[in-house]
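Undergrad: Below is a structure I'd like to ask you about.
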Amino acid sequence: MASTGAGYDLSPTTFSPDGRIFQVEYATKAVENSGTVIGIRCADGVVVGVEKVMLSKMLLPSSNRRVATVAPHCGVAQAGLAADGRQVVARAREEADSYEDTFGIPIPPKVLAQRLGEYVHYFTIHGALRPFGAATMVAAYDDREKTHQLYVLEPNGVCLRYFGAALGKGRQSAKSEIEKLDLTKLTCKEAIKQIAKMIYTTHDESKDKPFLLEFAWLCEETNWTYQLVSQDLVDEADAWAKKELEDDDDDDDDEEMAS
Amino acid sequence: ARDRRAADAAPPRAATMMEAAPTVAYDGMLREGEVSTGTTIMAVAYDGGVVMGADSRVSTGTYIANRVSDKVSGLHDKIFMCRSGSAADTQAISDYVRHYLSTHALEVGKPPLVKTAAALAKRICYTNKEQLLAGVIIAGYDEADGGSVYVIPLGGTCLPVPFAIGGSGSTYIYGHVDNQYKAGMSLAECKKFVTEAVTRAMARDGSSGGIIRLVNISADGVDREYLTV
């Protein structure tokens with residue numbers, strides 16, 4: 001399926017004969033191979049969950065944060081190369097801060113999304129730079145429209161608004177699971193559990209490294225500020241997801257035995 | 001900054017006056033030949049909008065360059081700015097703010113907030129405080145905060161206030177407005193408040209005079225009028 005670059009893939013400033021920029025596509029590959037990140041825009045807020053692959057058993061669980069606050073009313077979650085993601089977060093913080101300084105209002109989500117898109121895109125049009133190997137999910141609250149919003153920013157600079165999105169290894173199955181949910185009614189607390197289940201489902205015990213769940217949300221309960229979900233809620237979701245998986249396995253076994 | 005001021009060939013006494021007594025009348029601080037909007041300007045917020053008022057005299061020394069000028073400049077559909085100090089400086093500021101505000105409105109897709117206009121004007125006035133001589137009042141109506149008034153005096157500080165007065169003529173009416181102002185006035189009461197105050201200032205201040213321009217901004221739109229004598 002993947003065609004060889006065959007000399008057109010050495011620099012982001014080169015198009016291939018069939019109109020592709022391979023370097024940007026390779027950057028997207030880096031994202032596709034990372035831990036799953038799932039974001040859902042629920043009825044009462046936005047929830048983002050990350051499958052934090054544990055690089056080492058000696059690592060402090062709270063280290064290697066994959067979620068970050070950009071401004072009180074908006075935050076992000078990173079998929080792909082962590083260090084690349086950190087750059088995008090740093091830029092987002094600068095943009096949000098200077099926007100509020102200049103215009104006296106918190107940066108509207110769609111403006112932030114646009115600015116970040118332009119920033120990330122910039123790195124795809126210079127020979128001296130490489131594209132970001134990270135995709136960013138942005139959860140934000142628009143104070144004037146009184147709506148909560150979810151955006152996904154890809155390494156090619158495209159930033160689109162979603163009801164539900166998934167990045168990383170388990171994105172295909174996660175996306176189909178999200179589509180099964182009724183997002184007009186789903187609450188944030190319910191979504192945390194569902195996301196945990198999706199991550200456990202796509203995680204391959206035998207092949208993948210052990211992982212931790214990291215959640216952040218932006219909802220009425222947090223007064224529309226982006227915050228880490230409390231550990232009890234995460235643990236509750238974790239336990240529920242594990243149980244759901246066991247039940248599903250039992251059901252499968254029952255089916256097999258019956259047939 | 002002081003050296004630059006001297007190099008600009010500003011009269012030495014003006015530089016000294018600026019450092020020693022920033023509250024001295026504006027005429028002493030203009031550069032030679034510069035046109036002043038020695039002025040009386042005012043704005044007051046009411047529930048649902050604002051009333052802005054200004055005199056119309058523009059003077060170079062004792063010569064009245066324009067006796068019917070418009071010191072209330074539009075920045076956007078429902079945001080206006082009263083200008084005092086150097087006419088050139090305040091026109092330049094209002095041009096910049098108008099430009100940034102229009103680009104911002106396009107990006108956000110909504111009418112800009114009054115506080116955004118004030119933030120932009122403050123940024124310009126503060127960062128260029130050495131070169132500028134401008135005291136402005138920004139007021140208008142937006143859906144988020146209703147009628148709001150922001151005053152930006154000489155140094156570039158920005159204060160949200162229920163009402164504001166500015167310009168050389170304002171010094172004569174501080175006592176009057178403090179006495180007459182009450183919270184929760186109606187539109188008619190606000191117009192009366194502004195008219196009376198500006199009239200009294202124009203009577204005592206040589207740099208203020210002409211007609212009184214009134215601008216009423218509310219959810220229904222913008223209403224301009226002028227009063228003579």
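The values are calculated or read from the model by the stated rules, or taken from the named source; none is laboratory data. Everything quoted here is computed from the prediction, not taken from an experiment. Don't worry about glycine lacking a Cβ; one is built from the backbone with ideal geometry, like all the others, and counts go over all protein chains shown. Ligands, DNA and RNA are stripped out before the accessible areas are found, and what is left, the full protein with its side chains, is counted by its heavy atoms. Shrake-Rupley method; radii C 1.70, N 1.55, O 1.52, S 1.80 Å.
Undergrad: Using 1/(1 + (r/R0)^6) with R0 = 35 angstrom and r between the beta carbons of residue B:103 and residue A:128, what's the FRET efficiency to the nearest 0.05?
TA: My answer for the efficiency is 0.70.
Undergrad: Something else: List the aspartates and glutamates whose alpha-carbon lies under 12 Å from that of residue B:129, not counting same-chain residues fewer than 8 positions away?
TA: By straight Cα distance, residue B:129 reaches B:89.
Undergrad: Then there's this: Please give the net charge around residue B:69, taking every other residue with its beta carbon less than 11 angstrom from that of residue B:69, where Lys and Arg add +1 and Asp and Glu add -1.
TA: Its environment carries a net charge of +3.
Undergrad: I'd like to verify something in chain B: which complete DSSP H helices, judged by Cα projection on the helix axis, reach 24 Å or more and average at least 0.0 on the Kyte-Doolittle scale?
TA: Qualifying helices: B:187-204.
Undergrad: Right, next: Bin width 10 Å, origin at 0, all Cα-Cα pairs of the stretch A:48-172: what percent of pairs per bin?
TA: Result returned by the calculation: 13, 44, 32, 11, 1.
Undergrad: Still on this structure, please answer the following. Normalise the Debye intensity by I(0) for the stretch A:99-234, one equal point scatterer per Cα, no solvent, then take log10 at q = 0.12, 0.15, 0.16 Å⁻¹ and round to two decimals.
TA: -0.60, -0.91, -1.01
Undergrad: Now, a different point. What total accessible surface area, summed over both chains, is buried at the interface between chains B and A, computed with a 1.4 Å probe and given in Å² to the nearest 100?
TA: Roughly 1200 Å².
Undergrad: How high is the FRET efficiency from residue A:86 to residue B:159, r the C-beta distance, R0 45 Å, rounded to 0.05?
TA: For R0 = 45 Å, the calculated efficiency reads 0.70.
Undergrad: Something else now. Provide the three semi-axes, in whole Å and in decreasing order, of the ellipsoid equivalent to the stretch B:75-229 as defined by the square roots of 5 times the Cα gyration tensor eigenvalues.
TA: Square roots of five times the eigenvalues give 25, 20, 14 Å.
Undergrad: HN-Hα J couplings of the stretch A:10-15 from phi, Karplus 6.51/-1.76/1.60, θ = phi - 60°, integer Hz, Gly and Pro as x?
TA: So the J values, rounded to whole Hz, are 7, 8, x, 8, 10, 7.
Undergrad: Something else about it: Going through the cross-link list A:146/A:185; A:29/B:110; A:189/A:243; A:146/B:192; A:146/B:182, which pairs have a Cα-Cα distance over 27 Å in this structure?
TA: Beyond 27 Å between Cα atoms: A:29/B:110; A:146/B:192; A:146/B:182.
Undergrad: Using the Cβ atoms and a cut-off under 9 Å, what net charge is assigned to the surroundings of residue A:241, where Lys and Arg are +1 and Asp and Glu are -1?
TA: Cβ neighbours under 9 Å give a net charge of +2.
Undergrad: Still on this model: Short version: what are the Cα gyration tensor semi-axes of the stretch B:40-148, square root of 5 times each eigenvalue, largest first, in whole Å?
TA: Sorted largest first and rounded, they come to 25, 17, 11 Å.
Undergrad: Pop the C-beta distance of residue B:182 and residue B:77 into the FRET formula with R0 = 25 Å and round what comes out to the nearest 0.05.
TA: Given R0 = 25 Å and the Cβ-Cβ separation, E is 0.25.
Undergrad: Where does the Debye-calculated log10 I(q)/I(0) of the protein assembly as shown sit at q = 0.06, 0.11, 0.13 Å⁻¹, using only Cα point scatterers of equal weight, no solvent?
TA: Rounded to two decimals, the profile gives -0.43, -0.92, -1.08.
Undergrad: Considering only the other residues whose Cβ falls under 11 Å of the Cβ of residue A:86, what net charge follows from Lys and Arg at +1 and Asp and Glu at -1?
TA: With Lys, Arg at +1 and Asp, Glu at -1, the neighbours total +3.
Undergrad: Here is a further query. Jot down the per residue volume, in cubic angstrom and as a whole number, of the convex hull over the alpha-carbon atoms of the stretch A:1-75.
TA: In the stretch A:1-75, the Cα hull volume divided by residue count equals 195 Å³.
Undergrad: Related question: Could you tell me the relative contact order of chain A? Use alpha-carbon pairs under 8 Å, at least six residues apart, and round to a whole percent.
TA: Across chain A, relative contact order equals 26 percent.
Undergrad: How big, on average over all directions, is the shadow cast by the Cα convex hull of the stretch B:143-208, in nm²?
TA: Across all orientations, the stretch B:143-208 yields a mean hull projection of 5.4 nm².
Undergrad: Could you list the residues of the stretch A:27-56 with an amide nitrogen less than 20 Å from a label point located 7 Å from the Cα of residue A:184 in the Cα-to-C-beta direction?
TA: A:40-47
Undergrad: Let me ask you something else. Per Stokes-Einstein, at 37 °C and 0.692 mPa s, what whole-number D in µm² s⁻¹ belongs to chain A, with the Kirkwood radius over Cα pairs as the hydrodynamic radius?
TA: Reported coefficient: 171 µm²/s.
Undergrad: Relative contact order of chain B, please, whole-number percent, based on alpha carbon pairs below 8 angstrom and at least 6 residues apart.
TA: 26
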